[in-house]
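What follows is one structure encoded as structure tokens, with my remarks underneath.
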Amino acid sequence: DEIYLDGLRGVVPAFPMTYAGWEARAHAALPPSVLSYVAGGAGGERTQEANVRAFDRWGLIPRMFVGAARRDLSVDLFGMTLPSPLFMAPVGVLGICAQDGRGDLATARAAARTGVPMIASTLSADPMESVAAELGETPGLFQLYTPTDRALAESLVRRAEKSGFKAIVVTMDTWITGWRPRDLSTSNFPQLRGHCLANYTSDPVFRAQLPAAPERDPQSAVMKWVQVFGNPLTWDDLPWLRSLTSLPLIVKGLCHPEDVRRARDGGVDGIYCSNHGGRQADGGLPALDVLPAVVEAADGLPVLFDSGVRGGADVVKALALGATAVGVGRPYVYGLGMGGTDGVTHVLRSLLAEADLLMAVDGYPTLADLTPEALQRVL
Ligand code: FNR
């Protein structure tokens with residue numbers, strides 16, 4: 001309402017109103033090495049582009065005589081009632097996208113302001129306890145990159161529980177980094193590393209394995225981190241993962257129905273359908289195209305979705321295809337780049353306002369009204 005009323009009053013917005021505008025503004029604000037990290041994807045970036053284009057192959061069919069004057073976008077998820085189905089996907093190295101290096105905290109403040117949940121990445125410039133403290137009443141979820149050292153994994157999860165995170169999201173598709181030509185061309189890895197190790201260097205289990213405190217010997221901390229970062233888990237590890245926490249456990253990166261069924265049988269609480277925004281593997285299907293089969297295989301479990309969402313209409317389409325909640329990555333990172341907490345807040349509010357208005361105009365006043373029948377395949 002606020003954004004719309006400002007428009008009616010003739011107030012010129014401080015930030016652009018479209019994804020293209022956020023991207024352009026962030027491109028102007030961020031150094032090339034940071035941009036290559038945020039904007040880039042795997043290989044020829046065909047999966048990344050296909051993720052976005054996939055939304056154009058679905059069209060919403062408007063309904064009339066609905067009287068959608070009031071909309072209800074609220075959603076129940078893992079015992080929480082969220083004001084909307086939008087969430088911020090986990091993004092590592094957010095620190096580097098903010099002028100003062102505190103991008104994780106700035107993002108958490110935007111979550112606090114908007115009520116849009118944040119999934120905090122393991123790879124942050126500030127420890128998860130500090131991120132959680134900025135979230136206010138808004139729920140945060142903790143995303144775990146499972147280290148090879150089980151004791152370290154357990155410690156990270158314990159800390160997340162103590163900090164008040166409401167769920168653990170285990171990312172399965174990134175135990176190793178994909179082939180990312182833009183990162184390789186700009187050799188930005190040493191720069192990124194300086195903004196993503198806080199959860200490790202603040203961890204007692206991690207610190208105990210170092211020859212000296214990371215403050216005094218940062219190089220050994222980096223070497224240790226490289227050693228423990230990624231665990232190529234197998235199905236045999238799922239019972240252990242499940243046993244790590246009594247919080248809701250969500251697995252991120254599932255795109256194959258068979259994987260979804262096995263995860264479900266293994267006792268997870270939620271499925272997160274995503275191809276990491278096309279950052280990990282090129283030559284893949286768009287995430288949106290696998291969503292219906294994932295939803296079917298999830299058989300009633302909540303399905304979180306991301307990859308390629310660029311506007312409110314995309315949020316609505318993903319919901320109609322069965323997503324319980326819809327995440328964005330790059331859109332809010334560009335918001336952070338263009339204007340810190342204010343920029344992220346602007347992006348989230350714009351996405352929500354567009355989705356809400358679209359549901360009004362198209363006559364789908366609640367999330368329950370958004371079913372596959374609201375859509376028609378275009379091509
Ligand atoms: C990510 N993503 C990600 N995922 C995750 O589980 N842990 C992480 O640390 C990161 N880091 C990360 C950094 C950057 C710069 C981006 C853009 C993305 C993936 C993220 O959670 C999400 O799956 C995608 O961003 C969704 O695609 P879009 O919205 O960027 O198209």
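The set of residues from segment 67-89 being acidic (Asp, Glu) and either in contact with a Pro (Cβ under 7 Å, 6 or more places away or on another chain) or in contact (Cβ under 8 Å) with a residue 60 or more places away in the chain (or both) comprises just one member, Asp72. Can Val316 be described as within 26 Å of Gly21 (Cα to Cα), of a type in the set (Val, Ile, Thr) and in contact with a helix residue (DSSP H, G or I) (Cβ under 9 Å, 6 or more places away or on another chain)? The answer is yes for Val316. Just to be sure before I move on: is Gly79 buried (at least 17 other Cβ atoms within 10 Å of the Cβ) and not hydrophobic (A, V, I, L, M, F, W, C) in the structure I sent? Answer is no for this residue.
When Ser155 is tested against (1) in a helix (DSSP H, G or I); (2) in contact (Cβ under 8 Å) with a residue 60 or more places away in the chain; (3) under 18 Å from Leu249 (Cα atoms), exactly one condition is not met: (2). The listed residues are Ala111, Ala89, Ala50, and the only one of them that is touching a Leu at 6+ places or on another chain (Cβ under 7 Å) and within 16 Å of the ligand (Cβ to nearest atom) turns out to be Ala111. Scanning segment 137-195 for residues that are among the aromatic types (Phe, Trp, Tyr), within 19 Å of Pro127 (Cβ to Cβ) and out of contact with any Gly (no Cβ under 8 Å at 6 or more places or on another chain) turns up just one, Phe142.
Just one of the numbered conditions (1) hydrophobic (A, V, I, L, M, F, W, C); (2) within 20 Å of Lys162 (Cβ to Cβ); (3) in contact (Cβ under 8 Å) with a residue 60 or more places away in the chain is not true of Ala208: (3).
Those residues that are over 18 Å from Glu373 (Cβ atoms) and more than 10 Å from the ligand (Cβ to nearest atom), I need them from segment 305-314; list them, please. Result: Gly311, Gly312. Applying the condition of being within 13 Å of the ligand (Cβ to nearest atom) and part of a loop (DSSP other than H, G, I, E, B) to segment 127-152 and asking which residue is nearest to Gly115 (Cα to Cα) yields Tyr145. Within segment 251-290, the residues that satisfy the criterion of being acidic (Asp, Glu) and in a loop (DSSP other than H, G, I, E, B) are Asp269, Asp282. Candidates Arg182, Arg216, Arg207: the one that is more than 16 Å from the ligand (Cβ to nearest atom), among the basic types (Lys, Arg) and in a helix (DSSP H, G or I) is Arg207.
Here Gly278 clears all of (1) within 16 Å of the ligand (Cβ to nearest atom); (2) out of contact with any Ser or Thr (no Cβ under 7 Å at 6 or more places or on another chain); (3) among the small types (Gly, Ala, Ser) except the condition numbered (2). Considered as a group, the residues in segment 322-360 that are surrounded by fewer than 23 Cβ atoms within 10 Å (Cβ to Cβ), touching a residue at least 60 places away in the same chain (Cβ under 8 Å) and part of a loop (DSSP other than H, G, I, E, B) include one that is nearest to the chain's Cα centre (by Cα), and that residue is Gly329. Just one of the listed residues (Ala323, Ala293, Ala297, Ala263) is hydrophobic (A, V, I, L, M, F, W, C) and either closer than 29 Å to Ala29 by Cβ or within 14 Å of the ligand (Cβ to nearest atom) (or both), namely Ala323.
A short reminder: the numbers here are calculations on the coordinates, not readings from a lab. Note that the structure is predicted; figures quoted are calculated from it, not measured. We place every Cβ from the backbone using ideal geometry, glycine too, and count neighbours over all the protein chains shown.
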